[in-house]
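See structure below.
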Amino acid sequence: MVKGRERWASKIGFVLAASGSAVGLGNIWRFPYVTGEYGGAAFLIIYLIAIVLVGYPIMVTEIAIGRKAKKNPVGAFKALAPTTPWWLVGALSVLTGFVVLSYYSVIAGWSLAFMINSLGGFPEGIGVAASIFEVHTSKVLEPIIYHAIFMTLTVVIISAGVVKGIQRAVKFLMPVLTVLLILAVIRSVTLDGAGEGLAFLFRPDFGGVTAETILSAVGQAFFTLSLGMGAILTYGSYLSNKDAIPGSCVQIIGFDTVLAVIAGLAILPAVFALGFSPREGPGLVFVILPAVFGGMPLGTIFGFLFFLLLSIAALTSAISLLEVVVAYVIDEHYWPRGFAAVIIGIIIFIAGIPPILGYSAWDGVSFAGMNILDTYDFFAESIFLPLGGVLTTVFAGHVWGARNVIKEANRGNVSLKVGYWIAPLLKYIIPLGVIMVMIMTIIEDLD
Ligand code: PHE
């Protein structure tokens with residue numbers, strides 16, 4: 001439709017780029033610590049259910065909307081439902097992209113810093129490992145510099161365009177990252193006392209499950225699959241009509257889920273074996289993995305490689321976040337790509353400074369007991385993403401029509417078709433279910 005709009009170079013190009021978007025800090029940094037925080041196996045099971053019942057239908061829908069409209073999120077809703085206010089859902093996506101990338105880049109910056117610092121070797125012993133994280137985050141300038149470096153890399157790739165920039169990086173990165181994680185798993189599960197961590201991860205206790213647990217599992221499903229904010233929709237807009245949507249979704253989701261579980265296995269058994277608490281919060285991976293690698297033969301090399309790959313995995317996700325905002329200003333306001341990437345990159349960089357200061361100069365600032373970074377993350381994951389996802393399903397189910405979603409998704413060379421079972425999910429079950437869980441969480445919190 002739009003003249004000169006880029007296309008993925010091949011079918012595998014889309015699957016790789018979307019997997020690159022999905023697999024990132026969400027799997028390796030976020031999944032283990034929220035699973036730890038919300039009690040382990042019961043959380044894991046609810047999360048897996050959310051992946052199938054919420055994640056899969058929404059991913060199919062976002063890609064179908066994107067491919068049909070061949071537009072950024074705002075333009076896509078305008079194209080499919082002209083003269084209605086549904087484009088506001090696209091606007092919410094663009095706003096969410098801003099918020100998520102601003103703190104995502106801060107955490108990716110931690111990963112870069114750990115990569116560089118690992119060259120000096122990770123010291124043995126958990127106490128020391130814990131203090132490395134504290135020492136790093138309590139500084140001001142260093143985290144800001146790493147955040148700036150990471151945003152610069154993201155801007156450079158997005159300026160180069162989606163296809164060239166993203167496709168190549170992802171292809172070799174994913175297999176290597178998987179191998180390294182598996183090495184960490186082997187080390188972690190063979191530590192003395194790892195059994196307790198395995199039981200925590202696989203023996204469910206539903207006694208402690210609250211609405212907040214469910215909302216966090218659903219939010220994690222959105223976050224890890226890059227859903228609810230137009231990132232996958234935007235990538236779908238570069239997809240050709242011949243490519244199969246349902247099969248691609250199964251591959252992307254399968255890979256993302258396997259990697260999250262592997263990351264959980266690499267981290268949680270070691271948490272227990274090393275006598276640490278699973279409720280450590282956002283620092284968990286940065287405390288545990290250096291300790292795991294530190295006690296391993298060739299630990300320095302593995303540690304360095306691990307944080308290198310984690311940084312690259314974060315980069316292929318960050319690209320998809322920035323692309324949402326950049327595609328919007330290119331399509332709707334005719335900004336040149338390079339200019340858009342730089343200006344928006346700078347604004348997002350500035351928005352990321354308060355979360356950094358929240359660990360040092362502004363460590364007294366809190367919102368409902370959370371520091372600034374946790375507050376950004378809370379709004380993104382517990383409110384913006386689920387809300388964006390719900391509004392997308394309502395739009396797809398009732399405005400554009402579930403029939404049209406399914407027709408668009410099953411177009412092309414599809415061997416696996418998406419069934420009509422997703423229609424009631426899109427129309428009623430997902431929106432009502434997610435809104436109910438959100439309301440129950442608020443009521444819980446008021447008690
Ligand atoms: N899915 C990415 C991750 O797991 C994060 C992300 C969220 C990317 C939303 C794009 C959109 O790290």
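The values are calculated or read from the model by the stated rules, or taken from the named source; none is laboratory data. The structure presented is a predicted model; accordingly, all values stated were derived computationally and were not measured. Note: ideal-geometry Cβ built from the backbone for every residue, glycine included; neighbour counts use all protein chains shown.
Of the set (1) closer than 19 Å to ARG279 by Cα; (2) in contact with a Ser or Thr (Cβ under 6 Å, 6 or more places away or on another chain); (3) not in a helix (DSSP H, G or I), all apply to GLY121 but (1). On the basis of being surrounded by fewer than 20 Cβ atoms within 10 Å (Cβ to Cβ), within 20 Å of HIS136 (Cα to Cα) and not charged (D, E, K, R), does TRP335 make the cut? No. Taken as a whole, the condition of being assigned to a helix (DSSP H, G or I) and within 19 Å of PRO143 (Cα to Cα) does not apply to SER320.
The set of residues in region 98-109 being within 12 Å of the ligand (Cβ to nearest atom) and modelled with pLDDT of 95 or more consists of VAL99, VAL100, LEU101, TYR103, TYR104, SER105, ILE107, ALA108. Figure legend. Inter-residue proximity from region 207-229: first residues without any contact (Cβ under 8 Å) to a residue 60 or more places away in the chain, second residues hydroxyl-bearing (Ser, Thr, Tyr) and more than 15 Å from the ligand (Cβ to nearest atom), beta-carbon distance below 7 Å, spacing 6+ or different chains. No pairs are indicated. Screening ILE330, ILE430, ILE343 for residues that are β-branched (Val, Ile, Thr), free of Cβ contacts under 8 Å to residues at least 60 places away in the same chain and part of a helix (DSSP H, G or I) leaves exactly one candidate, ILE343. Exactly one residue out of ILE45, ILE12, ILE28 is buried (at least 23 other Cβ atoms within 10 Å of the Cβ) and farther than 19 Å from LEU322 by Cβ: that is ILE28. Of all the listed residues (THR154, THR190), the sole one being of a type in the set (Ser, Thr, Tyr) and in contact (Cβ under 8 Å) with a residue 60 or more places away in the chain is THR154. Does PHE384 meet the test of being more than 16 Å from the ligand (Cβ to nearest atom), in contact (Cβ under 8 Å) with a residue 40 or more places away in the chain and crowded, with 17+ Cβ neighbours inside 10 Å? Here the answer is no, as PHE384 does not meet what is asked. Is there a residue in region 217-231 that is out of contact with any Cys (no Cβ under 6 Å at 6 or more places or on another chain), farther than 24 Å from ASN410 by Cβ, more than 16 Å from the ligand (Cβ to nearest atom) and among the hydrophobic types (A, V, I, L, M, F, W, C)? Looking for residues that are out of contact with any Cys (no Cβ under 6 Å at 6 or more places or on another chain), farther than 24 Å from ASN410 by Cβ, more than 16 Å from the ligand (Cβ to nearest atom) and among the hydrophobic types (A, V, I, L, M, F, W, C), one finds none in region 217-231, hence no.
In region 308-326 there is no residue matching the filter, namely being acidic (Asp, Glu) and surrounded by fewer than 24 Cβ atoms within 10 Å (Cβ to Cβ). Within region 70-93, identify whether any single residue is closer than 24 Å to ILE319 by Cβ, of a type in the set (Val, Ile, Thr) and at pLDDT 95 or above, and answer yes or no. Yes.
Report yes if some residue within region 8-22 is aliphatic (A, V, I, L, M) and at pLDDT 95 or above; otherwise report no. Scanning region 8-22, I find at least one residue that is aliphatic (A, V, I, L, M) and at pLDDT 95 or above, so the answer is yes. Within region 29-59, the residues that satisfy the criterion of being of a type in the set (Gly, Ala, Ser) and within 16 Å of the ligand (Cβ to nearest atom) are ALA50, GLY55.
Total residues in region 77-90 satisfying the condition of being more than 16 Å from the ligand (Cβ to nearest atom) and not in a loop (DSSP other than H, G, I, E, B): the figure is 6.
Taking the conditions (1) at pLDDT below 90; (2) within 20 Å of the chain's Cα centre (by Cα) in turn, LEU233 satisfies each one other than (1). Suppose we filter region 4-28 for residues that are in contact with a Ser or Thr (Cβ under 8 Å, 6 or more places away or on another chain) and either in a helix (DSSP H, G or I) or within 11 Å of the ligand (Cβ to nearest atom) (or both); how many remain? Matching residues across region 4-28 total 13.
Here SER93 meets the list (1) touching a Pro at 6+ places or on another chain (Cβ under 9 Å); (2) surrounded by fewer than 24 Cβ atoms within 10 Å (Cβ to Cβ); (3) not basic (Lys, Arg) almost entirely, failing just condition (2). Residue pairs whose Cβ atoms lie under 6 Å apart, separated by 6 or more positions or on different chains, with the first residue in region 60-73 and in contact (Cβ under 8 Å) with a residue 60 or more places away in the chain and the second among the charged types (D, E, K, R) and outside any loop (DSSP other than H, G, I, E, B), are ALA64/GLU408; LYS68/GLU408; LYS71/ASP331; ASN72/ASP331.
Only one of the listed residues (VAL287, VAL292) is more than 17 Å from LEU177 (Cα to Cα) and over 16 Å from the mean Cα position of the chain (by Cα). That residue is VAL287.
Regarding region 55-72, can at least one residue be identified that is surrounded by 24 or more Cβ atoms within 10 Å (Cβ to Cβ) and in a loop (DSSP other than H, G, I, E, B)? Checked region 55-72: at least one residue is surrounded by 24 or more Cβ atoms within 10 Å (Cβ to Cβ) and in a loop (DSSP other than H, G, I, E, B).
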